[in-house]
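Peer 1: Please read through the structure below; I'll follow up with questions.
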């Protein structure tokens with residue numbers, strides 16, 4: 001049975017290109033197209049649709065407002081198509097937090113004549129989205145800053161390296177899950193936090209900036225030489241592997257991709273046992289594939305602790321499922337319990 005897709009874009013030319021890419025696949029078809037968000041909502045009320053591809057910037061009703069309405073009324077898997085500008089990446093990160101399953105950057109702006117260069121990425125992400133579990137959007141609880149004021153950001157030379165580390169890995173559906181996890185972690189956590197989210201270059205900076213604006217933790221995109229410090233969250237930059245050296249500082253590299261991925265969760269996790277020993281807490285959240293499986297096995301073998309997100313709250317239950325099936329999950333938890341569990345486990349490490 002074909003995956004029925006609604007293509008939403010204000011450009012007739014882009015609707016045509018996207019439709020050609022999707023209709024060329026034997027397992028999917030464009031059921032309809034829409035020229036803006038308002039038009040899309042009308043079509044969704046009339047048709048049986050499996051996946052929506054949604055342009056970010058449109059007149060009448062833009063992509064974010066359209067997504068809000070889809071996710072609050074009758075949630076469907078949505079793949080965003082965004083520009084690679086700073087504004088485009090900021091908006092895309094907001095869309096992922098609202099519940100979009102994934103996104104594809106348009107290679108050369110709103111009207112991308114070369115869209116077919118990312119045709120394989122589009123069809124793969126539509127296929128993945130068709131399998132995704134989407135839930136009605138509910139607001140993530142965020143601790144008031146009056147309760148948890150934002151701590152001052154220390155320069156690496158002024159800080160003290162942490163003796164414990166939490167490493168969180170995620171992929172499809174990850175940005176929203178990470179927000180929910182961080183919302184329940186206090187800024188005085190006695191451990192450094194590292195996050196590896198599969199996301200392209202430039203988008204990880206917008207992701208880190210958004211998280212930093214929401215939570216009292218100190219959150220930034222990792223830079224070469226950043227120290228692992230208590231209460232500090234470092235996000236792996238897109239297109240770079242992130243490892244930790246004996247000095248408990250971050251080292252970035254562009255070595256070979258692992259399972260077509262850079263950053264790779266496994267690469268980061270495998271660098272930790274020789275530095276932190278048993279004082280590691282590994283967390284694998286929603287995502288497609290098996291990145292993180294080797295790393296979680298290594299953490300568990302070293303005497304660290306491990307958490308995998310459960311099936312019921314995972315957008316895609318593939319990465320955490322592999323960890324659980326291979327016996328490397330000490331805890332299998334719904335996403336809304338992971339943050340508080342991290343806090344409790346870290347205090348005993």
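The values are calculated or read from the model by the stated rules, or taken from the named source; none is laboratory data. Not measured: the values here are computed from a predicted model. Here the Cβ is made from the backbone with ideal geometry for all residues, glycine too, and neighbour counts use every protein chain on show.
Peer 1: Among (1) touching a strand residue (DSSP E or B) at 6+ places or on another chain (Cβ under 7 Å); (2) at pLDDT 95 or above, which single condition is residue 26 missing?
Peer 2: Failed condition: (1).
Peer 1: For the range 22-38, give me each residue that is within 25 Å of residue 62 (Cβ to Cβ), part of a strand (DSSP E or B) and touching a helix residue (DSSP H, G or I) at 6+ places or on another chain (Cβ under 7 Å). Step through it out loud before you land on a result.
Peer 2: To start, the set of residues in the range 22-38 that are within 25 Å of residue 62 (Cβ to Cβ) comprises 22, 30-38.
Okay, now just the ones that are also part of a strand (DSSP E or B), so 30-34.
30, 32, 33, 34 - these are the residues of the range 22-38 that are within 25 Å of residue 62 (Cβ to Cβ), part of a strand (DSSP E or B) and touching a helix residue (DSSP H, G or I) at 6+ places or on another chain (Cβ under 7 Å).
Peer 1: Applying the selection to the range 49-93, what residues are surrounded by fewer than 20 Cβ atoms within 10 Å (Cβ to Cβ), touching a helix residue (DSSP H, G or I) at 6+ places or on another chain (Cβ under 6 Å) and under 17 Å from residue 211 (Cα atoms)?
Peer 2: Correct list: 90 only.
Peer 1: With the requirement that a residue be without any contact (Cβ under 8 Å) to a residue 60 or more places away in the chain and surrounded by fewer than 21 Cβ atoms within 10 Å (Cβ to Cβ), what does the range 222-232 give you?
Peer 2: Listed by number, the residues that qualify are 223, 224.
Peer 1: Does the range 200-217 contain at least one residue that is assigned by TED's automatic domain parsing to the domain that holds residue 311 and part of a strand (DSSP E or B)?
Peer 2: no
Peer 1: Would you confirm whether any residue within the range 316-325 is assigned by TED's automatic domain parsing to the domain that holds residue 228 and over 24 Å from residue 125 (Cβ atoms)? Spell out how you get there, then give the answer.
Peer 2: We begin by selecting, within the range 316-325, every residue assigned by TED's automatic domain parsing to the domain that holds residue 228; these are 316-325.
Filter once more, so that each one left must be over 24 Å from residue 125 (Cβ atoms): 324-325.
The answer is yes, given that some residue of the range 316-325 is assigned by TED's automatic domain parsing to the domain that holds residue 228 and over 24 Å from residue 125 (Cβ atoms).
Peer 1: A further question on this structure: If I filter the range 39-64 down to residues being in contact with a strand residue (DSSP E or B) (Cβ under 6 Å, 6 or more places away or on another chain) and outside any loop (DSSP other than H, G, I, E, B), which single residue comes out as modelled with the lowest pLDDT?
Peer 2: The selected residue is 63.
Peer 1: Something else now. If residue 311 passes every condition in (1) farther than 21 Å from residue 347 by Cβ; (2) outside any helix (DSSP H, G or I); (3) in contact (Cβ under 8 Å) with a residue 12 or more places away in the chain but one, which one does it miss?
Peer 2: Among (1) farther than 21 Å from residue 347 by Cβ; (2) outside any helix (DSSP H, G or I); (3) in contact (Cβ under 8 Å) with a residue 12 or more places away in the chain, residue 311 violates only (3).
Peer 1: Oh, and also: Check the range 241-248 and report whether any residue there is crowded, with 24+ Cβ neighbours inside 10 Å, in contact with a strand residue (DSSP E or B) (Cβ under 8 Å, 6 or more places away or on another chain) and assigned to a loop (DSSP other than H, G, I, E, B).
Peer 2: No.
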